[in-house]
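See structure below.
The values are calculated or read from the model by the stated rules, or taken from the named source; none is laboratory data. Quantities reported herein were computed from a predicted structural model and do not represent experimental measurements. Glycine gets a Cβ as well: all are built from the backbone with ideal geometry, and neighbour counts include every protein chain shown.
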Amino acid sequence: MALNYVWIAFFVISFAVALFRLIFLGDVEIFGKMTTSLFESGKTGAEIAIGLTGMMAFWLGIMKIGERAGMIAKLARGVNPLFKRLFPGIPDKHPAMGSVVMNFSANALGLDNAATPMGLKAMNELQELNPKKDTATDAQIMFLVLNTAGITMIPTAVMAMRLTMGAANPADIFIPTMIGTFISFISGMIAVAIYQRINLFRPALLFFVGGFIGLMYLLYLWMRNMPQEEIAVKTAMLGGIIIFSIITSFLVVGWQKKINVYDAFIDGAKEGFTTAVMIIPYLVAILVGIAVFRATGCLDFITNGIAYVVAMMGLNTDFVPALPVGIMKTFSGSGARGIMVELMKTHGPDSFVGRLACIMQGSTETTFYVLAVYFGSVNIKNTRYALTCGLIADAVGIIAAIMIGYIFFH
């Protein structure tokens, strides 16, 4: 229901603002801009879904091999002490747990092309456990919120963009971004745990938090003396090694167990194609709503309003130019990326605004996109409190990114 109201609000607010601009400001082009944005975003939504088809088919084919070879079940057993606390509704040894873990792992490494198919696979497996097919379960909500909060240990894409923009040290946002995304992840976890009354003060969960902090420190030690031009190459190499290790191990184990891996792959690939087609309506719906909202300047109104309130409180407003990145990231990853690049061009990649924009880009996630696509893939209409918790994680992530930016670069 929450997405229903938000989607209606996109159009109603945009229409009201457009009328105001036409009548009182004489902006005769505003409805033309809205119409153009609507058609372009509808086309973009279909193109994104079609573009996902190949990767969806491939990865769900590989996942089917891993499932029949027993690799997914082994992975699920390995993380069971931790994830059974966060997902008490998932039975022991259920393959959904392995898919959830692989999705989180891909997100952490910045492997978007691999993360989305794995995430959609996890949603389908969680849906098998759902007694009320049109309503999100607790496990699905926890998965979606943690996915939107998504820990990103290596912000490869952002660092690569900083390199192309001429930053003196493209990796200087590495540690700040990891801290920001970790805070966002924990805030999302806490928000859902409060709704679901999950006790987070358990040894397994505390070990996970401490282990992740230690892993971030090890990555920092590995990269701190690395020349900046090598960082994108080395992190891409790390991601590639992990991806092909997964693929090769699934194939080899499947062959050892005398599974027809080719037939298993085809069966999984067919599911990938079906899923990619199914998400088109949901993806188009959310993208056109966001497009008209942005075309009317509503995003600028929100940013300017926040700047006014902050200034009235007597606080520093140097962060305000970077704020649209954090707000837009909630709606559109590509839109936020475009704003980030524009800010680096305008203010410089090594400016406070340029660096803060990069931290925000890496510390937040496209909540509306993820909820629309993932819930849409399994035809869930009642998302319950998933959007609320996702937006809480986003808000905390944006605030954390601002504070971290001031601590590191102001």
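Could you check the range 143-159 and list, in sequence order, the residues that are assigned to a helix (DSSP H, G or I), modelled with pLDDT under 70 and of a type in the set (A, V, I, L, M, F, W, C)?
Ala157
Among the residues of the range 41-81, the ones that are crowded, with 17+ Cβ neighbours inside 10 Å and of a type in the set (D, E, K, R) come to 3 in all. One residue alone among Ala336, Ala276, Ala285, Ala311 is surrounded by fewer than 13 Cβ atoms within 10 Å (Cβ to Cβ), among the small types (Gly, Ala, Ser) and at negative phi, and that residue is Ala311. Six or more apart or on different chains, Cβ atoms under 6 Å: show the pairs whose first residue is in the range 154-169 and within 18 Å of Glu365 (Cβ to Cβ) and whose second is crowded, with 17+ Cβ neighbours inside 10 Å and at pLDDT 80 or above. Pairs found: Pro155/Thr177; Val158/Cys358; Val158/Gln361. Before we move on, is Met102 modelled with pLDDT of 75 or more, under 23 Å from Thr248 (Cα atoms) and in contact with a Lys or Arg (Cβ under 8 Å, 6 or more places away or on another chain)? Considered against the rule, which asks whether it is modelled with pLDDT of 75 or more, under 23 Å from Thr248 (Cα atoms) and in contact with a Lys or Arg (Cβ under 8 Å, 6 or more places away or on another chain), Met102 comes out as no. Among the conditions (1) surrounded by 24 or more Cβ atoms within 10 Å (Cβ to Cβ); (2) closer than 16 Å to Ile179 by Cβ, Gly390 misses just one, which is (2). With respect to (1) more than 18 Å from the chain's Cα centre (by Cα); (2) surrounded by 20 or more Cβ atoms within 10 Å (Cβ to Cβ), the lone exception for Ile407 is condition (2). Inspect all residues belonging to the range 243-251 and state whether any of them is without any contact (Cβ under 8 Å) to a residue 24 or more places away in the chain and not hydroxyl-bearing (Ser, Thr, Tyr). Yes, the range 243-251 contains at least one residue that is without any contact (Cβ under 8 Å) to a residue 24 or more places away in the chain and not hydroxyl-bearing (Ser, Thr, Tyr). The combined condition, being part of a helix (DSSP H, G or I), more than 27 Å from Lys121 (Cβ to Cβ) and in contact (Cβ under 8 Å) with a residue 12 or more places away in the chain, is not fulfilled by Phe39. Screening the candidates Leu82, Leu60 for the property of being under 22 Å from the mean Cα position of the chain (by Cα), more than 19 Å from Ile280 (Cβ to Cβ) and in contact (Cβ under 8 Å) with a residue 40 or more places away in the chain yields one hit, Leu82. Scanning the range 310-345 for residues that are assigned to a loop (DSSP other than H, G, I, E, B), more than 17 Å from Thr364 (Cβ to Cβ) and in contact (Cβ under 8 Å) with a residue 60 or more places away in the chain yields Asn316, Asp318. Within the range 295-309, the set of residues being closer than 18 Å to Gly397 by Cβ and either more than 23 Å from the chain's Cα centre (by Cα) or hydroxyl-bearing (Ser, Thr, Tyr) (or both) comprises Thr303, Ile306.
Residues in the range 288-308 that are crowded, with 19+ Cβ neighbours inside 10 Å and either closer than 15 Å to Gly45 by Cβ or aromatic (Phe, Trp, Tyr) (or both): Val288, Gly289, Ile290, Ala291, Val292, Phe293, Arg294.
Selection within the range 239-248: residues that are of a type in the set (A, V, I, L, M) and either surrounded by fewer than 17 Cβ atoms within 10 Å (Cβ to Cβ) or farther than 15 Å from Ala115 by Cβ (or both). The member of this set that is modelled with the highest pLDDT is Ile247.
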